[in-house]
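Below is one structure; the comments refer to it alone.
The values are calculated or read from the model by the stated rules, or taken from the named source; none is laboratory data. Because the structure is a prediction, the values reported are computed rather than measured. As a convention, Cβ positions derive from the backbone with ideal geometry for all residues, glycine included, and neighbour counts pool all protein chains shown. With ligands, DNA and RNA removed, areas are computed over all heavy atoms of the protein, side chains included. Shrake-Rupley method; radii C 1.70, N 1.55, O 1.52, S 1.80 Å.
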Amino acid sequence: MSLTTMQQRSFWQWPETQGFAIVLAMAGALALTGFEDWTAHVFHGRLTLLEGETGFAPGMDLTLWFGRLLASLPGTSEAAGLSIATAMAVPIIGLTSFLTAPKRPGRLMRALLLCTHPLTLALVLGGAGWAVIGLYVLWRALAALPRRRPHQGMAGSGLAIAFAWLAVPGFSAFLLPLGATLWLCAPRHMQKRFMLSYYLALFAPVAMLAGANAYAAWAFGLEWVETPLTAPMTSGLPVAILFSLCATILSGPGLMRITSMSGTATRLAALVASAFAATATGADPLAAAAMAATAQYALAARRGEPSMLSVLSFAGGAAVVIGLGAL
């Protein structure tokens, strides 16, 4: 390699430097989350909720559903069922990221980064691993929506929103902030005349699921189960709101690449929706930060991004885990 080529390359363009930084980030995420005992308290709270329900109560997320299903097997306790259910999310999110990304260099490494992200590990250890899958599938579908025809993308995006509603605990608090920004992801020929049809197609599946759960709760006299992760910090002190906003931006720094390149509208929608969700009443700060991180990885899988931004997302996710553990 010539001296001119060496001088033109920046520090983060060297594969050796990128690989070394990624290995350090992955090791730090594993060590950091292993020492944080607050995730054990979250897991215990969700396990207590699972033990108190004999069936599939309205409001239970997918992780609790699979935990209940596994716990019904002979010789399997609720603790083992919930542990297996949340651990299943790690290989599934890795395969989802790898198989749905275009065949370009780095997609395997990006899948590994998503699997070992501090926020991913915090959700998995807290007993809500399928929340990561729901958020990633949501933004992976929305990333392709602006350039697809309505009959190709809108139905799938609506199902992705419904899947996120099922997988993410307390996702109902995210629906209004998400709806306020999804006009940025609309296909161009629908932005002026067909926005009502656009929103009806996107939110019809989740409305049907919510209605079905409400009917089950009313018809069978069931109590709607609330499945919070961490203490909601969005109601009350301005410091809590500031923390939620900063955590959202730190966990998804790649969303702030507002340029003239393609994909900017979806990136801006993800950033604004995550920031709005961080301050919504009842929204969980861990889920809001994970929403920004998964949005960045989902958009990077389609558009690509510098490796430095992925490392910065690791650092931001670590800061969120530390901050939540200190509160």
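Every residue, every condition in (1) more than 18 Å from the chain's Cα centre (by Cα); (2) under 24 Å from ARG46 (Cα atoms), yes or no:
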position	(1), (2)
ALA144	no, no
MET154	yes, no
VAL168	no, yes
LEU184	yes, no
VAL206	no, yes
ALA216	yes, yes
Select, from ALA131, ALA143, the only residue that is assigned to a helix (DSSP H, G or I), touching a helix residue (DSSP H, G or I) at 6+ places or on another chain (Cβ under 6 Å) and modelled with pLDDT under 85. ALA143
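Results for (1) more than 17 Å from GLY170 (Cβ to Cβ); (2) open to solvent by 10 Å² or more (accessible area, probe 1.4 Å); (3) at pLDDT below 75, shown as yes or no for each residue.
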position: SER251; (1), (2), (3): yes, no, no
position: SER262; (1), (2), (3): yes, yes, yes
position: LEU271; (1), (2), (3): yes, yes, no
position: PHE276; (1), (2), (3): no, yes, no
position: ALA290; (1), (2), (3): no, no, no
When segment 181-206 is examined, which residues are found to be at pLDDT below 85, small (Gly, Ala, Ser) and open to solvent by 20 Å² or more (accessible area, probe 1.4 Å)? SER197
Among what's in segment 50-105 and is over 20 Å from the mean Cα position of the chain (by Cα) and among the hydroxyl-bearing types (Ser, Thr, Tyr), pick the residue that is most open to solvent (accessible area, probe 1.4 Å). THR54
Between a residue in segment 42-67 that is free of Cβ contacts under 8 Å to residues at least 24 places away in the same chain and any residue that is surrounded by fewer than 22 Cβ atoms within 10 Å (Cβ to Cβ) and of a type in the set (D, E, K, R), which pairs come within a Cβ distance under 8 Å, given they are 6 or more apart or on different chains? GLY55/ARG68; PHE56/ARG68
For residues that are assigned to a helix (DSSP H, G or I), modelled with pLDDT under 90 and either open to solvent by less than 10 Å² (accessible area, probe 1.4 Å) or at positive phi (or both), tally how many sit in segment 159-174. 1
Conditions (1) open to solvent by 40 Å² or more (accessible area, probe 1.4 Å); (2) farther than 28 Å from GLY316 by Cα; (3) assigned to a helix (DSSP H, G or I); (4) modelled with pLDDT of 85 or more -> THR4 fails only (4)
Taking LEU209 as the residue in question, decide whether it is surrounded by fewer than 19 Cβ atoms within 10 Å (Cβ to Cβ), touching a Phe, Trp or Tyr at 6+ places or on another chain (Cβ under 7 Å) and part of a helix (DSSP H, G or I). yes
Among the candidates GLY94, GLY106, residue that is modelled with pLDDT under 90 and more than 17 Å from HIS44 (Cβ to Cβ): GLY106
